[in-house]
Amino acid sequence: MRLDQMYQEVILDHYKNPHGKGLVEPFDSQVHHVNPTCGDEITLRVKLSGAAGSQVVESVSFDSQGCSISQASASVLHDQVEGVSLDQAFLTLDEFSSLMKSATAEVTLDEELLGDAIAFEGVAQYPARIKCALLAWMAFKDAAVQATSAAQPAGDE
Amino acid sequence: MTEPTPLDVDRIRKDFPILSRTVRGGRPLVYLDSGATSQKPVQVLDAERHFYEHINAAVHRGAHQLAEEATDAYESARHTISAFVGGQPEDLVFTKNATESLNLVTYSFLNATLKAARGLELPEGGEHFVLEPGDEIVITEIEHHANLVPWQELCSKTGATLRWIPLTDDGRLNLSTLDTLINERTKCVSIVHQSNILGTINDVVLIGEHAARVKSLFVVDACQSIPHMPVDVGTLGADLVAWSGHKMLGPTGIGCLWGRSEVLAAMPPFISGGSMIRKVTMEGTTFADPPQRFEAGVPMTAQAVGLAAAADYLTDLGMANVAAHEHALTGYALDGLESIPGVRIIGPRNNVERGGAISFVVDGIHAHDVGQVLDDRGVAVRVGHHCAAPVCQRYGVTATVRASFGVYNGFDDVDSLVAAVKDAKQFFGVTD
Ligand SMILES: Cc1ncc(COP(=O)(O)O)c(C=O)c1O
């Protein structure tokens, strides 16, 4: 049944027991994103560490309201990007974006990078839900970019 | 009053080809999203096709036979549609949709205000559309964004103040402060007749009386009432009434704005260009009388013809019969949904002064997830904030599931809805 492909066990588990939920201190940047069509919201914080060029995502935390897909996706995001290099985090983000296009485009995916996120393959079949899945990832992208530019030496703005 | 005749839903369904298609792997379609847009009967599709096959030409231009016939078809559609709401054809303006109709009104205010500030001439009575800081516009907390955002925009540009009638906990307008809300500073009152999100039918006549007492303009958003109940624009007490064609079995791309003759005549134009002029020179232009003043460019002709066919279709069914049918469905659905533990109706629970749009939430399951299971069962509903985000905020929910009815829905559709909501609870493991 198609519903089961969308709501895979992994997704429902992350939904019921989200990882990274609850905003933590300290943080370098905080963003607030909403999905205007359904009203889902997320506040997400990022803390980076290390020197420019070799930064690591030290923490990703969030507070959010929304459907199972958007909640589970935020939890999976936390698992996949916290503690990895910023470069790897952005590669994972690219992979997730590709995954969301997999219903209409030929894509090759790095399952290693995606981890549990591969479970969202079924979601890609439902165009109306892709935005739910992407909400946390787009918030992370925004926050990470802000955190890196905040870390730039002054005079760079 | 004669007793309403029950609708023959099985016969009606045969007129709507789309209702015989299947969705999501062979499930019969249960369409419960008429509040968003209605389906179209073959009579409407045939009328449009006939127009394009036999008559098509640009209206109000040229003197060849097709141009004459096309103009005739367009103007006779205006006749049919205005008669459907008890109005006169010269008082009916065709727009793109209700959103544009409402913007036409707010831009009349803005344009009158801008012109007055430069000392330019206004149509007779146009001073009623001139706003100053301190003037007030009154809407309600239950409005669709289409009757909220344009007023916010207008107020921010003119310095007028936007005020609103609040909601009660059970989804009705709280009219207790009407006397102070609508006062001598009020320049316009604009309210929805039937709410698209809660189904509430507002006491338009009463609010109109308050508006009239202070000589305020009175606008009614009839998007969700005209398709579902008998509406006579003459007895509503409104100066202007806006609605969309696509929610009343008609095509997309056409909306209506009915106005009292002297009110339309007092409004400066909104969109300008061809067809809406009287005389044009390089130095300046004078404008046509309504409705042409508000219909710049080649209009949506086939859509007007299709909408007239939709009005005829509804007239044949009888709007009182349509209202009685949808009222019965609403009562049955309210009972069915409320019998499910964990389901909470957002909006009026008693089936009085309430139409067939039912919003609800299910404890423990987000509206999107409920909608997904319903969709999997072939039941098409809308989920989200239904372009009425402040209403969701008022009731502390981010989103609701909304089932809404049309003439082609039967009690079996309600049964499918109720069964699918139970399935959703089971799927997400929500126990009672
Ligand atoms: C009450 C109400 N007003 C206005 C609108 C806007 O209609 P349209 O989108 O056709 O312009 C809608 C449509 O959902 C509505 O339900």
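Beyond 23 Å, how much of the Cα-Cα pair distribution for region A:3-149 remains, as a whole percent?
More than 23 Å apart: 29 percent of the Cα pairs in region A:3-149.
Could you line up B:Trp258, B:Trp164 from fewest to most neighbouring Cβ atoms inside 10 Å?
B:Trp164, B:Trp258
Quote to one decimal, in nm, the extra length available between B:Glu69 and B:Ala117 on full extension: 0.36 nm per residue of separation minus the C-alpha distance between them.
12.9 nm
Region B:64-130 to region A:1-65: how many Å between their Cα centroids?
First find each Cα centre; the distance between them is then 50 Å.
Can you bin region B:216-315 into rounded, prolate or oblate? Criterion: square roots of the alpha carbon gyration tensor eigenvalues sorted a ≥ b ≥ c, rounded for a/c under 1.5, prolate for a/b above b/c, oblate for the rest.
Taking the square roots of the gyration eigenvalues as a ≥ b ≥ c, region B:216-315 is oblate.
Pairs A:Lys101/A:Lys141; A:Lys131/B:Lys96; A:Lys47/A:Lys141; A:Lys16/A:Lys141: which exceed 21 Å Cα-Cα?
Going by Cα-Cα distance, A:Lys131/B:Lys96; A:Lys16/A:Lys141 fall outside the 21 Å limit.
List the DSSP H helices in chain A whose Cα atoms stretch 15 Å or more along the helix axis and whose mean Kyte-Doolittle hydropathy is at least -1.0.
Helix filter hits for chain A: A:68-81, A:86-100, A:127-151.
Using the alpha-carbon centroid of each, what span in Å lies between region B:244-308 and region B:329-351?
Between the Cα centre of region B:244-308 and that of region B:329-351, the gap is 41 Å.
For a footprinting-style exposure proxy, rank B:Glu75, B:Glu326, A:Glu111 by other Cβ within 10 Å, fewest first.
A:Glu111, B:Glu75, B:Glu326
Can you run the Rg to Rh ratio on region A:36-80? Use alpha carbon positions and the Kirkwood inverse-distance Rh.
Ratio of gyration radius to Kirkwood radius: 1.10.
Local charge sum around B:Gly429 (other residues, Cβ-Cβ under 14 Å, Lys/Arg +1, Asp/Glu -1)?
Result for the local shell: -4.
On average, how much area does the Cα convex hull of the protein assembly as shown cover when viewed from any direction, in nm²?
32.4
Assign one of three labels to region B:2-143, namely rounded, prolate or oblate, based on the Cα gyration tensor with a ≥ b ≥ c the square roots of its eigenvalues; rounded applies when a/c is under 1.5, prolate when it is not and a/b is larger than b/c, and oblate otherwise.
oblate
Using a 7 Å offset from Cα along Cα-Cβ at A:Thr37, what residues in region A:117-150 end up with backbone N under 19 Å from the label point?
A:120-139
Given R₀ = 25 Å, what would the calculated FRET efficiency be for B:Asp316 paired with B:Glu338, taking r from the Cβ atoms and rounding to 0.05?
Result of the calculation: an efficiency of 0.15.
Among B:Lys247, A:Lys131, A:Lys101, B:Lys425, which comes first, second and so on when ranked by fewest other beta-carbon atoms within 10 Å?
Final ranking by Cβ density, sparse to dense: A:Lys101, A:Lys131, B:Lys425, B:Lys247.
Across 10 Å bins from 0, what is the distribution of all Cα-Cα pair distances for region B:260-401, in whole percents?
Going out from 0 Å in 10 Å bins, region B:260-401 shows 9, 23, 21, 22, 17, 7, 1, 0 percent.
Return, for the Cα atoms of chain B, the radius of gyration and Dmax in Å, separated by a comma.
Values for chain B (Cα only, Rg and Dmax): 22.4, 74 Å.
On alpha carbon coordinates alone, what is the Rg over Rh value for region B:68-226, Rh being the Kirkwood radius?
1.00
Each value in this text was obtained by applying a stated rule to the coordinates, not by laboratory testing. The structure presented is a predicted model; accordingly, all values stated were derived computationally and were not measured. FYI the Cβ positions are ideal-geometry reconstructions off the backbone, even for glycines, and counts take in every protein chain you see.
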